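Single-structure report; data block below.
Bear in mind that the values in this text are calculations on the coordinates, not laboratory data. Note that this is a predicted model, so its numbers are computed, not measured. Counting neighbours? That spans all protein chains shown, and the Cβs are built from the backbone with ideal geometry, glycine included.
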Amino acid sequence: MPKRTQIICIHEGKKGRSIDPVFANAFLKTYNPEWMRPWKTTAARFIGYGGKTELRKAFPNELQSCAAAGGNTTLIVLADVDDLKNGDELKAEYWEESEAAGLPRELFEKVVFIFPKNRIENWVEFLNTGTTDENQEGPRVKELSTVRDAAKELAKFCRSGHAPGPLPPSLEWSCRNWRALVERMR
């Protein structure tokens, strides 16, 4: 097991104005996969970019930085699918940026993509109520404890392998990416 695990999570939204890093941090701490060192020896950085375009443009540099760090470094991209059909379409846009920067496909395939359909608030709504409509933006969440509680619930589902019914499509898609990382790290 490596002495240190590094997780870099890039997301939409400026620091302090996005619930994305709160959700991701609570999920990681609660899920606490066996390949991750104790939390005190894990470096988790959350880097906010203003919007979808800015995030996508910064992606190749962030991926190169993770590769240069070596060891057990994982890049997580947390972005909204918005008006695209699904996560695969958005992932293809990130691949275009990577390919244009000359990055190899095998490096790109190590990235964990977490793509809510509209906003992560839809997932929070689903995790707290059991329902959501991903075709509409979920209600804004003002209490960060609500975000943390929802992320902790998701982590518990992931660890047990049992969700409380069918997941929203974007959440199921993103969970597959997370499971691929867990398998790769075994």
Scan of the range 158-180 for residues that are out of contact with any Asp or Glu (no Cβ under 7 Å at 6 or more places or on another chain), assigned to a helix (DSSP H, G or I) and surrounded by 17 or more Cβ atoms within 10 Å (Cβ to Cβ), ordered by number: Cys158, Leu171, Trp173, Ser174, Asn177, Trp178
Every residue from the range 129-166 that is touching a residue at least 24 places away in the same chain (Cβ under 8 Å) and among the polar types (S, T, N, Q): Thr132
Test for Glu153: is it under 19 Å from Phe46 (Cα atoms) and either in contact with a Cys (Cβ under 9 Å, 6 or more places away or on another chain) or not in a loop (DSSP other than H, G, I, E, B) (or both): no
